[in-house]
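A.B. asks: Have a look at the structure that comes next, please.
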Amino acid sequence: MIAVSLLEVKQLNLSLRTHTGLAHILKDVSLRVEAGERVALVGETGCGKSLTLKAILGLLEGKGLVVSGKVLFEGEEILGTPRILRLRGVQIGFIPQDPAASLNPTFSIADQLLAVVRRVRRNLPKEKAWALIKEALVEVAVPDPDRVLASYPFQLSGGLCQRVLIATALVNRPKLVLADEPGTALDVTVQAQTLRAMRHLTEKSGSSVILVTHNLGVVREFADRVYVMYAGTIVEHGPVKSVFQTPRHPYTRALLDSVPRLTGGGLPQGLDGHIPDYTSPPKGCRFRPRCAFARPECAEEQPLRQVAEGHEVACVLYAEVPRG
Amino acid sequence: MADILLEVRDLTKEFAVGRKRVRALNGVSLGLEEGEILAVVGESGSGKTTLANLVLGIEMPTYGDILYRGTPLKTPRPLHMRRRLQYVQQNPWTTLNPRRTVFQSVALPLAVHKLTPPRLWRERVAELLHLVGLGPEFLDRYPHALSGGQRQRVAIARALAAQPEMVILDEPTSALDVSVQARVLGLLLEIQARFSLSYLFISHDLAVVRNFARRILVLYRGQVMETGPTEVVFRNPVHPYTRLLLASVPVVSEEEAALRPSWPWDAQDRLGPGEGCPFSSRCPWAQELCWRERPSLVPIQKSHLVACHFAELFVEEVSHHG
Ligand SMILES: Nc1ncnc2c1ncn2[C@@H]1O[C@H](COP(=O)(O)OP(=O)(O)OP(=O)(O)O)[C@@H](O)[C@H]1O
Ligand SMILES: Nc1ncnc2c1ncn2[C@@H]1O[C@H](COP(=O)(O)OP(=O)(O)OP(=O)(O)O)[C@@H](O)[C@H]1O
Ligand SMILES: [Mg+2]
Ligand SMILES: [Mg+2]
């Protein structure tokens, strides 16, 4: 029997029509999530992290959209199928990037949570449903759940809205949770608590997570494996330990080198330049124009090559590395 | 010892919110030496921007004094003070007037303060842009055609145009990617050293502060919890709130993780604070005294001050033996 991954994204390509032309954003994005695994997707602003999640969730539509590739959930295709509609909110939970804008301002928190619960347990008696949503808030460390349940989104702080969204995404115990920058807009202390709550809950229910973030520290604290994204492409992926200890791709290294350290030692250098224009991205490696190691071969496609156990890099520098 | 450029004494600011009064700043004192970088850290709502607005004269203090080179500042600030004291705002998307070109924005202080004859404005602006790493092709661009990092650079160029002595930097890089952040911060340090400027650096990023500022001041709900030389405070954070802040920083290496103080994460928040320590409701070590009485800011070592009744719990023995 061949083991089937919980989620498998294969060669996802995504282009969008913009006023300056067709933007080729995601290019051959492949990723895989096993049951119970916490995976991070990290990269700079505009590199396509949110679009990747939205494509998986089937939340993108419109005339100007060109998508190809496969998204398999438990081995079955969900990209562009009605199946995703049944999975979303039930088997696949979503924590969107902007908490304030993601809650409906005209309904109380209780109503919004109840609606989500009722999608799975239509006939649950009112008291039981109420107890369930209250428990869901307690689980994400909301100090006074009764007050929060009676509140409307505008009456809650950003930190509380964020926790409500996590509770909403997790209340039906989905097999997979997609979290887009949870806690980025929050204070570090609240962010730390939010991540701990998410970690604890997903461990308890055995859910898998894809966590999108631009914060490498968050990746190290939270995830088992990491995918590094640059300009719509996966440039490196592997176990967090391996990638952080021996980053291979020049972009991953530059990103890690840009992080100021708590141990001191002075400010890092940073990286010049910016993400390319997606209407005419560079051929081959998209990082080429900013890369200190660029050479003519970089204009050719660079496949992901294994450099260590479960650790792959798409860079010409590793073309001759013997397979391990 | 260098001269004190800015001194703030017992600064308090209350806002009326409906019928209630919110104390955004509560008895804050600080001194900024000439050529020094002082970081003000604290979570959202702790009063950082309020402090900046009071120093700039955008808001009036409820009480307390603000002195510049030993002289109380007049409100509204006279023109020469508005030149010496510049401000770089929190948000790169609102900091520039969308209807002005980069040239117009940066030339404005030159005109207002009559620093350069009009025929030399373009040349001078180009020079300032060069200083912040932008080419002359940016002169006639509008803000919408700039990235976040480029906007922050223009805002810095505009502040420098006034030839200031002191700059208040309100989270100048928090909206930027790490790669860009590192560049902008590096630039700010370079400029600071070159023109021996003083910075009041507002931030919530402790890793940035560690590498950027000589001294640090930790605010919580408008009050100073701890202040001291950055290295000393990071080596021995004493106030529980400072310890919580440090314990919360997500880090990228084992060495940094080892540096973070431990924190009892599962402790529950308790009663809200009354007259006592503002942090008492979140403090796992809070005692009855902490609810009742506000601790004052006292030195535990030379220039390392802490406002905690039980500070001695966390003061590390200073070893003289090696
Ligand atoms: N509806 C849209 N139409 C046109 N371009 C879009 C659209 N949505 C996203 N983009 C562009 O696609 C690119 C990737 O966007 P995406 O939101 O996935 O980035 P991200 O990695 O999530 O960034 P951030 O960290 O800022 O959230 C960006 O350049 C963005 O401007
Ligand atoms: N004009 C105002 N009217 C009423 N309350 C105000 C006003 N300005 C600030 N406050 C309140 O004062 C407190 C301190 O706000 P301030 O903006 O100084 O915080 P901050 O530390 O800059 O936060 P952030 O990190 O979110 O920028 C907050 O509780 C805020 O709601
Ligand atoms: Mg995003
Ligand atoms: Mg502020």
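The values are calculated or read from the model by the stated rules, or taken from the named source; none is laboratory data. Model, not experiment: these values are computed from the prediction. Neighbour counts are summed over all protein chains in view; Cβ atoms, including those assigned to glycine, are modelled from backbone coordinates with ideal geometry. Protein only, heavy atoms only, side chains kept; ligands, DNA and RNA dropped before computing areas. Shrake-Rupley method; radii C 1.70, N 1.55, O 1.52, S 1.80 Å.
A.B. asks: Per-residue ellipticity at 222 nm for chain A, helices alone: DSSP H runs ≥ 4 residues times -39500 (n - 2.57), over residue total, nearest 500 deg cm²/dmol? Display every interim value, and only then the final one.
C.D. replies: Details: 11 runs with 102 residues, N = 324.
Computed mean residue ellipticity for chain A: -9000 deg cm²/dmol.
A.B. asks: Any idea what the dipole of the range B:239-321 comes to, in debye rounded to 20, about its Cα centre with Lys/Arg Cβ at +1 and Asp/Glu Cβ at -1? Kindly include the intermediate steps, with their values, before the conclusion.
C.D. replies: On the way: 7 positive and 11 negative charges, 60 e Å.
Roughly 280 debye for the range B:239-321.
A.B. asks: Once both axes come from the Cα atoms, what is the angle between helix B:148-161 and the longest principal axis of chain B, in degrees from 0 to 90, rounded to 10?
C.D. replies: That works out to roughly 80 degrees.
A.B. asks: Could you name the aspartates and glutamates whose alpha carbon sits less than 12 Å from that of residue A:126, not counting residues in the same chain fewer than 8 places away?
C.D. replies: Reachable aspartates and glutamates: A:111.
A.B. asks: Straight distance only, please: which aspartates and glutamates reach the Cα of residue A:10 with their own Cα at less than 20 Å, same-chain residues fewer than 8 apart left out?
C.D. replies: Counting by Cα, and skipping residues close in sequence, residue A:10 has these aspartates and glutamates nearby: A:28, A:34, A:37, A:61, A:74, A:76, A:77, A:236, A:301, A:312.
A.B. asks: Could you tell me how far the Cα centroid of the range A:170-236 sits from the Cα centroid of the range A:286-301, in Å?
C.D. replies: Cα centroid to Cα centroid, the span is 30 Å.
A.B. asks: Per-residue mean of other chain beta-carbon atoms within 10 angstrom of the beta-carbon, peptide A:266-275?
C.D. replies: Numbers: counts 5, 11, 8, 4, 13, 6, 4, 2, 6, 2.
Going residue by residue through A:266-275 and averaging, the value is 6.
A.B. asks: May I pose another question? Per residue, what accessible area does the range A:5-99 have, given a 1.4 Å probe and all protein chains present, in Å²? Kindly include the intermediate steps, with their values, before the conclusion.
C.D. replies: Numbers: 4160 Å² over 95 residues.
Normalised by residue count, the accessible surface of the range A:5-99 is 44 Å².
A.B. asks: How far is it, in nm, from the label point at residue A:107 to the one at residue A:224 when both lie 7 Å from their Cα along the line to the Cβ?
C.D. replies: 3.3 nm
A.B. asks: Follow-up question, since we're still on this one. Tally the DSSP beta bridges in chain B and give the antiparallel ones as a percent, rounded to 5. Please report the intermediate quantities before stating the final value.
C.D. replies: Values: 28 of 46 bridges.
Bridges in chain B that DSSP calls antiparallel: roughly 60 percent.
A.B. asks: In debye, nearest 20, what is the charge dipole magnitude of the protein assembly as shown about its Cα centre with +1 on Lys and Arg Cβ and -1 on Asp and Glu Cβ, if you could check? Walk me through the numbers on the way to the answer.
C.D. replies: Working: 76 positive and 65 negative charges, 349 e Å.
For the protein assembly as shown, the charge dipole is close to 1680 debye.
A.B. asks: Tell me the relative contact order for the range B:88-163 as a rounded percent, counting alpha carbon contacts under 8 Å between residues six or more apart. Please report the intermediate quantities before stating the final value.
C.D. replies: Working: 91 pairs, mean separation 35.3, N = 76.
It comes to 46 percent, rounded to a whole number.
A.B. asks: Determine the percent antiparallel among the DSSP beta bridges restricted to the protein assembly as shown, to the nearest 5.
C.D. replies: Values: 58 of 95 bridges.
Rounded to the nearest five, the antiparallel share is 60 percent.
A.B. asks: Would you please report the Å³ per residue occupied by the convex hull of the alpha carbon atoms in the range B:239-321?
C.D. replies: Working: hull volume 9.7 nm³, N = 83.
Hull volume normalised by residue count: 117 Å³.
A.B. asks: If you take the accessible area of A alone, add that of B alone, and subtract the area of the pair, what total do you get in Å², probe 1.4 Å, to the nearest 100? Don't skip to the end; give the middle numbers.
C.D. replies: Working: alone 16120 and 16530 Å², together 29460 Å².
Summing both sides, the interface buries roughly 3200 Å².
A.B. asks: Placing one identical point scatterer on every Cα of the protein assembly as shown and ignoring solvent, what is log10 I(q)/I(0) from the Debye formula at q = 0.07, 0.09 Å⁻¹?
C.D. replies: Rounded to two decimals, the profile gives -0.50, -0.85.
A.B. asks: Continuing with this model, one more query. Treat each spin label as a single point 7 Å out from the Cα along the C-beta direction, and report the residue A:66 to residue A:135 distance in nm.
C.D. replies: Reported label-point gap for residue A:66 and residue A:135 is 5.0 nm.
A.B. asks: Under a plain spin-label model, where a point goes 7 Å from the Cα along Cα-to-Cβ, how far apart in nm are residue A:263 and residue B:3?
C.D. replies: For the pair residue A:263/residue B:3, the computed spacing is 4.1 nm.
A.B. asks: Please name which of A:202, A:228, A:254 has its Cα lying farthest along the dipole of the range A:197-285 towards the positive end, using unit charges on Cβ (Lys, Arg +1; Asp, Glu -1) and the Cα centre as origin.
C.D. replies: Among A:202, A:228, A:254, the one farthest towards the positive end of the dipole of the range A:197-285 is A:202.
A.B. asks: Which parts of the range A:159-184 would a label at residue A:120 reach, counting a residue when its backbone N lies under 13 Å from a point 7 Å out along Cα-to-Cβ?
C.D. replies: The answer is A:167-177, whose backbone nitrogens lie closer than 13 Å to the label point.
A.B. asks: Follow-up. Of the options B:12, B:75, B:263, report the single residue whose Cα projects farthest towards the positive end of the charge dipole of chain B (beta-carbon charges: Lys, Arg +1; Asp, Glu -1).
C.D. replies: Selected residue: B:75.
A.B. asks: Mind listing, in residue-number order, the residues in the range B:38-62 that have at least 10 Å² less accessible area with every protein chain present than in their own chain alone (1.4 Å probe)?
C.D. replies: B:43, B:44
A.B. asks: Please report, in debye to the nearest 20, how large the charge dipole of chain A is about its Cα centre when each Lys and Arg carries +1 at its beta carbon and each Asp and Glu carries -1 there. The partial results should precede the final answer.
C.D. replies: Details: 39 positive and 32 negative charges, 120 e Å.
With only Lys, Arg, Asp and Glu charged at Cβ, the dipole is about 580 debye.
A.B. asks: Rounded to the nearest 10 Å², what accessible area does residue A:209 show when all protein chains are kept and the probe is 1.4 Å?
C.D. replies: 0 Å²
A.B. asks: Then there's this: Can you tell me the accessible area per residue over the range B:4-213, all protein chains present, probe 1.4 angstrom, in square angstrom? Spell out each step's value before the answer.
C.D. replies: Details: 9070 Å² over 210 residues.
So the range B:4-213 comes to 43 Å² accessible per residue, rounded to a whole number.
A.B. asks: Still on this structure: If you roll a 1.4 Å probe over the protein assembly as shown with all protein chains in place, what percent of the accessible area is carbon or sulfur? Could you put the intermediate results ahead of the total?
C.D. replies: Values: 15400 of 29460 Å².
About 52 percent, which is the carbon plus sulfur part of the accessible surface.
A.B. asks: By a straight-distance test (C-alpha under 12 Å), which aspartates and glutamates pair with residue B:13 as possible cross-link partners, with residues fewer than eight away in the same chain excluded?
C.D. replies: Result set, ordered by chain and number: B:59, B:65.
A.B. asks: If you don't mind, another one. Among B:313, B:296, B:242, flag the residue with its Cα farthest along the positive direction of the charge dipole of the range B:239-321, charges on Cβ as +1 for Lys/Arg and -1 for Asp/Glu.
C.D. replies: B:296
A.B. asks: As I understand it, the value is the acute angle between the Cα axis of helix B:121-131 and the longest principal axis of the Cα atoms of chain B; what does it come to in degrees, rounded to 10?
C.D. replies: 40 degrees
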